[in-house]
Structures are given as structure tokens and as C-alpha cells.
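The values are calculated or read from the model by the stated rules, or taken from the named source; none is laboratory data. The structure presented is a predicted model; accordingly, all values stated were derived computationally and were not measured. In this analysis, Cβ positions are derived from the backbone assuming ideal geometry, glycine residues included, and neighbour counts consider all displayed protein chains.
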Amino acid sequence: MAKTVKVTYTDLKPPILTIQDAIAAQSFFPGNDQEVIKGDAEGAIAAAPHVVTGEVFCDTQYHFHMETQVCKCTPLEDGMEVQASTQALDSVQTAVSQATGLAAHRVYVSVKRVGGGFGGKLTRSCVAASACAVAAQVLNRPVCLSMSLNYNMETIGKRAPYLGKYKVGCDADGRLLGIDYQLYENQGCCSTDSCLDYAVFFADSAYFCPNWRYTGTACRTNIASTTMTRAPGAIAAHFFMEHIMDHVAATLDKDPGELRRLNMFQAGQRSLTDNPITDNTMGQLWDDLVESAEVQRRKEEIEQFNQTNRWKKRGLSMVPIRYPIHWAGIRFTVFVAIYHSDGSVVITHGGIEMGQGINTKVMQVAAATLGVPMETVHVMATNSLSGVNSSASGGSVSSELNCKGVLECCRRLDDRMDPIRQEMGGAPKWAELINMCHKKGVDLSEKYMEYPPPTAEGTQYTTWGATCTEVELDVLTGERQITRVDILHDSGESLNPDVDVGQVEGGFVFGLGYWLTEQCKYDKKTGQLLTNGTWDYKPPTTKDIPIDLRVTLLPNAPNPHGVLRSKACGEPPLLMSCSALLALRQAVRSARAEVGHDDFFPLDKMGTRWRLQRVPHLAGHMGVMCQCHVVAVATVLLLTTRWSCAQVTISPSVALPEAATSSPLLQPSPTATFNNRSIGTIGLIPQFSLLPEFNQ
Ligand code: MTE
């Protein structure tokens, strides 16, 4: 339908696409700025023996949920039924009510589950639902809206790109003395989902610095308005601090792991946002991982390997996380009922099942509290009646808070049934107990709204973790393999270790896509997104995951502030995935050092192979090899497709590295054209080479 609409633009100006474009054009959203001051950063940096300055960038990311934005609206005699794929049922109800003019009590919204959300269905599902509801209202018939992947990718908005500018003062040991830090967020064409105020909580990662000046600036650009994406803002702020640690280590010629350990928060210290550092298991966790992952031995092996291999290099990086959990003011309404006919238990809670396992966890809590088997418990769709006014599912707290609600409901039900249980001898069969309660008029349903108050500390608790990643890089092609990952994650006393380990693994791999394979490209003249499908945009697949992935949940770590002593783990592990990129930098650094370039270099545009091939003083080798692939592919094309009219020209221009010349296939030369058209790096990344716009 949308394809039939033709739009003609006049007075076209070059679009503002990047943060750098926005800074040059002074294009900002006034009023969204942020400043946090702690101590005297300027004075501390001026007096510091060493000062490190730099810029670091991290890009956008598409959510890549398997199900795009989908909604079905059915007009009823007294309102509208909306089956939405949303993480925010309450917002969808409000949006549909406003779009159709129906009062909220005439809009019934239900969500059985969503086919992946990752933050992309927090605010954007309202747009899809409103459009669908208006169509259903006008046509007076059921309407189903399902966005194509291409439109979803182009219009819905993605993770905001960030730029960080920093000036850091430290002593001779690398102890942080003062940090002056500017964070820029690309919010796109309108500022609906700013994550700046959330990012600041992660800006100091797990490290103490007594003096800070932190500013956040919201950039206005012509890309689709950016939106929440798993660990929004947090992933960038945390990564920037980890990048700073690597930069300081490289400048002072220190081991990056030891420098991190030196600066880690100690008991009694306060974060940049002035939150006390409580329940700090970071140091212990870090030391445990160093030992269990045999970091020292492996580092020595890597050094040995790198010395004896010219075209393969390895790198290893360790990264901690400090993930403060906030849930004050978030509310979820939960309803639990027991049917008298067979004693089966039904739950509807206010959270959304999107694959994170919330339904499994609430069922477990109900089964354990009521003392019935899991099969007796069933979770029905979240809906706007029993889950009235519930908050959106996000921030990694919905599983815990809905478990808390179910726990309260079940405890109250149990208390009401207990006198009857005692009358029946103390241990009647479940079905008989329920039957008797029903006969005696006991109310077998309970509702509870969980609405935690703010705490004096500002946060509820902190989730800690540490990751060690080892990467092997093929210097000639840019191919890399993550050979081993060790993750030690503090999930408190896990509500379900299987689910939580799945979340740790999934979160980590989500991040591998962000750092290593996914990349968005825009047409510089029109601003159109060029990477709007799987031909061009590459989420990680089976071949990209670590060969050896070892996830351990910190044992014996009950969390006194969590629900049933647990901790959140939907988003925190994602942050640790930057260790893969940092390990890759170690490998690249080793390759560059061999040709006399041992300086620190930014890696923010390095992760994907395309970007890796452009790293200064490394690209030369890889460029040659890419083009060797061109020759190989061109030869195969000629032999297999018999394009007799095709003319493949191969013209020598660059001397091949020794390793490459040993292959008979790669003998000719690095430059190839096909029918007088350069076929660039077709052997490696065809999707980029065929479009001239990609050669940015
Ligand atoms: N896991 C799967 N399989 N699918 C998802 O969409 N969303 C993530 C994470 N894990 C997601 C997921 C995001 S963005 C969040 S905020 C948390 O789950 C939500 O989990 P919670 O119920 O614990 O808050």
C-alpha cells in the first residue's frame, strides 16, 4: 500500500546522518543535555603526571527480532480488540485509544508473547498498533498489520550511535585521577527515546575515579528516530570506559587487565552518579576468572603464538561489568486464580514473554509457593484487564518483579487456605483441598500490584560479571574466530539457572553481532538506509559464535535485595561482549607492531571485516588478499558460467605478500575488472562491493 504513495521533495539539502555531521551543523535537541560533576576534573587532570586524550565511537544496531512489528485489530460491538506484539501493553492501549477516539476501557489489548523484542517493541509497537486500529475502525473489519523486514529496518529506528571524547589524567601506575568526558548520542529526527540519562550510570563501568566532568549531548539528525535496544546507552557508556582503560594501559605500557584490577571500585566508594558501591563482588569475581580461565598461561601462549606466526594473530581481553539495577516506580499487576473443578492454577501477569523466560520463572514461583507440580500451573496472555496499568517490560527487571507479584498472590492464597488444610489433617491432596475451600467459600483468586519504592541508595542492587575472550585473526583476510570465552556472571541465587545461562549466552552473542558483524550504511545523498535486509546486514550466525563458550553463574551469591535472592540478567551480560572487540584489537595490534606501528589506535570502526580491512597499516595486507579472492572468484565465474562475452581483466599493481604468492590460484594480480567494471572485494563481502555507496 505504502508503495503506491509517491512523494516529491523540493529544496533538498544534504542530510545530516552522523554525530560528526550534527556537531558540524550544530544540530542538537536543546533541553536534553546533561552534566554531572564530581570533584574537580579539570584541576586533577592538570596536575596529573600522565594525560590521555582521545575519541571513541560506537554505531547503531538493528534489533533483529525474528518477528517484525505485527498487530491485529478487531472492531467489537463495544470497542476494539488489539492483539499486539509489544513490550508495552499499557502504551499500546493508550496509543490506540488516542488514535481511534475510543475510551481506554473500550480498548482491550492482549499479548500472548512477542517473537523477540530486544527493546524494539517498547515504544515503536504503538505506531504499528495505532495504524492497524485506525484501519480496522475505518473499514469496520479485522485488520492485521505485519511489517516487511525491509520497512521494519528502514522506519522503526535502531540503537543510537554514540561518540565519546575524553581527557583522562592518571598517575604513573595508571590510577585514574580525573576524567573529562563528553558523550554524544545520535537521536535521529526526533527525540522520543533518549537514553542519555540512563547511560550516565554506566559511564564509570567498574572503576573508581575521584574527579569527573561528564556531559551528554543529544544530536538531531535525519535518520529514523533512534530507539531503545537491549542495554540502551549502557553498552556504549560501558564500552567507552573500557576503551579508555585500554588506552591508558597502552600509553603507560601496562597490562590492561592489571590496570583494570588496580582501578576497580572498593567498598565505601561512590560512583559517578553518587551511588554507594554496595555488595561489591567484583574483585573476587575478577580474580576467580583470572584463575579459572588460566589467563596468565594463555597470555604467554598467545605471545609465543604471535611471535611465530606472521599472518595469524591472537588477542585476549578481560572486561568487568557493574550493572546497577533500578526498579523504583515500575509497576506490574499480577492475577493468580485456582479453579475449583480440578485445582489447576492460572496466572496472568503484567510482564511480556519475549523469549527471556518470564513465564517459566513465574510458573516456578507459583508451583513452589503453592506446593504443586509445574503442570498444574498455566500462564495466560498478558492483557489490559488483569494486567491493568502495568509498566513496559524492559530494563531487565520485569521477570523479577512479576515473580514478586506472583509470590505475594500465592502466599495470600496459601494463608487463606491454611485453616481448611489444618481442618483436613494438615496434608490433604491438592484437588481435595481446593474443592473443600471452594465449598467453604474461600476466595480462590488474588491480585497484587508490585510497585517498589525508591531506596536511599538510588539503585536496588548491582549485577556484577567478568568475561575473558580470546580471538584469532587471519591478518590477510580479516576473518576472525572467537576461540574461547569464559564468562563468570553474578545472577544472585538464580531463579532458573538454565534460563539465566541462556540469557548470558544470548546477550553475549547479541553483542558479538553489534561489535563484529552488523553494520548499517546510509546513502550520503538521500539518507536512505542501504542495509535494509539480510543481504546487507549480518547478525551473527552459527559460525560466528565462540568455539568454546564457558558460562558460569557465580556460586553461593544470594542477593538480599533481589526477588527470592536472585539478580537480573537479561541485559547485563551483553555489555561484556565488547571484550571480543578489545581482544581483536590486541590481535591487530600485534600484527601492526610487527611492521613498526605499535601505537594505540581507535577500534571503533574496526569490528566488521569491511572495517577491519581499513585499519591503517593492516589494511595493506588484507586488501591484497581480498583482491586475490577477486581473482579466484572471477576465474571460477568464467569456468563455471561460460560467460563468453564477459571480459575479465587482471592488471598487476601491488606486490603480493609471500604467503599469497605460494598459491597457484592467486598468481595473477590484485586488481580485477569485470566487463570494465571493478568487482572490488567480491570474494569477501559481495553486498558491499556491488554498491558504490558502500565505499565510504
Ligand atoms: N531474550 C530473548 N530471547 N528475547 C528478547 O526479546 N529481550 C532482552 C532480554 N532478553 C529479549 C531477551 C531485553 S531488551 C530485556 S530488557 C530483557 O530480556 C527483559 O527481561 P526481563 O523480563 O527480565 O526484564
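For (1) aromatic (Phe, Trp, Tyr); (2) in contact (Cβ under 8 Å) with a residue 24 or more places away in the chain; (3) out of contact with any strand residue (DSSP E or B) (no Cβ under 8 Å at 6 or more places or on another chain), each residue gets a yes or a no:
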| position | (1), (2), (3) |
| --- | --- |
| ALA22 | no, yes, no |
| GLY31 | no, no, yes |
| LYS38 | no, yes, no |
| THR53 | no, yes, no |
| PHE57 | yes, yes, no |
| HIS65 | no, yes, yes |
Can you report the number of residues in the range 103-115 which are buried (at least 19 other Cβ atoms within 10 Å of the Cβ) and either in a loop (DSSP other than H, G, I, E, B) or within 16 Å of the ligand (Cβ to nearest atom) (or both)? 2
Considering every residue within the range 292-300, establish whether at least one is of a type in the set (Gly, Ala, Ser) and farther than 23 Å from THR469 by Cα. no
Restricting to the range 195-210, what's the tally of residues that are touching a residue at least 40 places away in the same chain (Cβ under 8 Å) and surrounded by fewer than 20 Cβ atoms within 10 Å (Cβ to Cβ)? 3
Restricting attention to the range 356-363, does a residue exist that is without any contact (Cβ under 8 Å) to a residue 60 or more places away in the chain and either more than 11 Å from the ligand (Cβ to nearest atom) or assigned by TED's automatic domain parsing to the domain that holds GLY478 (or both)? yes
Of these, ILE235, ILE223, which one is among the β-branched types (Val, Ile, Thr), on the phi < 0 side of the Ramachandran plot, within 16 Å of the ligand (Cβ to nearest atom) and surrounded by 22 or more Cβ atoms within 10 Å (Cβ to Cβ)? ILE235
Among (1) touching a helix residue (DSSP H, G or I) at 6+ places or on another chain (Cβ under 6 Å); (2) not assigned by TED's automatic domain parsing to the domain that holds ARG550, where does SER491 come up short? (2)
Test PRO428 against the criterion of being away from the ligand (no atom under 16 Å from the Cβ) and either of a type in the set (Asp, Glu) or exposed (fewer than 15 other Cβ atoms within 10 Å of the Cβ) (or both), and give yes or no. no
Single residue of LEU163, LEU252 found to be surrounded by fewer than 23 Cβ atoms within 10 Å (Cβ to Cβ) and farther than 22 Å from GLY39 by Cα: LEU252
Considering (1) buried (at least 17 other Cβ atoms within 10 Å of the Cβ); (2) assigned to a strand (DSSP E or B), say which one THR53 fails and leave the rest. (1)
Among (1) under 16 Å from the mean Cα position of the chain (by Cα); (2) closer than 28 Å to SER393 by Cβ, there is one condition THR552 misses while meeting the rest; what is its number? (1)
Being in a loop (DSSP other than H, G, I, E, B) and within 28 Å of the chain's Cα centre (by Cα) is true for just one of GLY164, GLY120, GLY174. Which residue is that? GLY120
Does PRO540 fit the bill of being more than 29 Å from GLN269 (Cβ to Cβ), within 16 Å of the ligand (Cβ to nearest atom) and either crowded, with 20+ Cβ neighbours inside 10 Å or at pLDDT below 95 (or both)? yes
Of all residues in the range 553-587, which are among the polar types (S, T, N, Q), away from the ligand (no atom under 15 Å from the Cβ) and under 30 Å from VAL248 (Cα atoms)? SER579, GLN586
Just checking, how many residues over the range 82-95 are farther than 22 Å from VAL397 by Cα, assigned to a strand (DSSP E or B) and either in contact with a helix residue (DSSP H, G or I) (Cβ under 9 Å, 6 or more places away or on another chain) or not assigned by TED's automatic domain parsing to the domain that holds SER110 (or both)? 1
Yes/no for PHE202 being within 24 Å of ALA392 (Cα to Cα) and not small (Gly, Ala, Ser): yes
Among the strands (runs of 3 or more DSSP E) contained in the range 433-510, which hold 1 or more residues that are of a type in the set (Gly, Ala, Ser) and surrounded by fewer than 24 Cβ atoms within 10 Å (Cβ to Cβ)? 445-450
Looking at the range 387-423, which of the residues that are part of a helix (DSSP H, G or I), within 15 Å of the ligand (Cβ to nearest atom) and not polar (S, T, N, Q) is farthest from VAL336 (Cα to Cα)? GLU400
Taking the condition of being in contact (Cβ under 8 Å) with a residue 40 or more places away in the chain and acidic (Asp, Glu), how many residues in the range 440-454 meet it? 2
Taking the range 368-386 on its own, how many of its residues are crowded, with 18+ Cβ neighbours inside 10 Å and away from the ligand (no atom under 14 Å from the Cβ)? 8
Residue pairs meeting the criteria (Cβ under 6 Å; at least 6 apart or on separate chains; first farther than 21 Å from TYR514 by Cα, in the range 109-132; second of a type in the set (Asp, Glu) and within 16 Å of the ligand (Cβ to nearest atom)): ARG113/GLU353; THR123/ASP193
Check the range 229-245 and report whether any residue there is touching a Lys or Arg at 6+ places or on another chain (Cβ under 7 Å) and free of Cβ contacts under 8 Å to residues at least 60 places away in the same chain. yes
Considering residues that are part of a helix (DSSP H, G or I) and more than 14 Å from the chain's Cα centre (by Cα), the number found within the range 203-252 is 13
